[in-house]
Each structure stands twice: as C-alpha cells, then as structure tokens.
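Enquirer: Before we start, here is the structure in question, set down as structure tokens.
The values are calculated or read from the model by the stated rules, or taken from the named source; none is laboratory data. Computed from a prediction, not measured in an experiment: that's the story for all the values here. Note that we place each Cβ from the backbone using ideal geometry, even for glycine, and neighbour counts take in every protein chain shown. SASA here: full protein model, heavy atoms, side chains in, ligands and nucleic acids out. Shrake-Rupley method; radii C 1.70, N 1.55, O 1.52, S 1.80 Å.
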Amino acid sequence: MWPRTSSEQEQARSQVIVGLTVFIPPGVDVPAADRARVRGVVYEVDGEPGFYRSPLTGHASGTEVALRRVTG
C-alpha cells in the first residue's frame, strides 16, 4: 500500500483527491463500484484493477487497485 494525491478545480471550487494504491492477492474480485475500508477510512475504487501475470510463466502475482477519497 502506498499513498497518492491530486488536486482538481471543479465548478469554481477546489477538490483534493486523496487515495491509496493497494496490491492484493491474485484472484480477488474487485468491482469498480466497490468500496474498501483501510485503517478505518472508507475509500472508493478508482477505475479498473490492474492484474499482474507473467507473460513467460503465466504466474499471477497480484492485483493493483487504486482507491480514492474525495474531499472539498
């Protein structure tokens, strides 16, 4: 898990999007409309998960999921 942030201007107000990128075990289903609680904070899934699979061996090493929490 590692943090990520961005700042956006939307309809004349500033928004700060605070998020995390988490790496979870392969085979865990994470729909784009899902939510996750990390350390007591609820985040929304941001986009589609990224699946890591070796092109040489076919070994699945995990899934990268972007999470976000919008404030402002």
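Enquirer: Top to bottom by accessible area (1.4 Å), largest first, where do I17, I24 land?
Expert: I24, I17
Enquirer: Could you work out how far apart the two model spin labels at R37 and L56 are, taking each label as a point 7 Å from the Cα in the direction of the beta carbon, and quote it in nm?
Expert: About 4.2 nm separates the two model spin labels.
Enquirer: Where does each of V38, V16 land when they are ordered by accessible area, with a 1.4 Å probe and the largest first?
Expert: Final ranking, largest accessible area leading: V16, V38.
Enquirer: Could you put V42, V22 in order of accessible surface area, largest first, with the 1.4 Å probe and the full protein assembly present?
Expert: From most exposed to least exposed: V42, V22.
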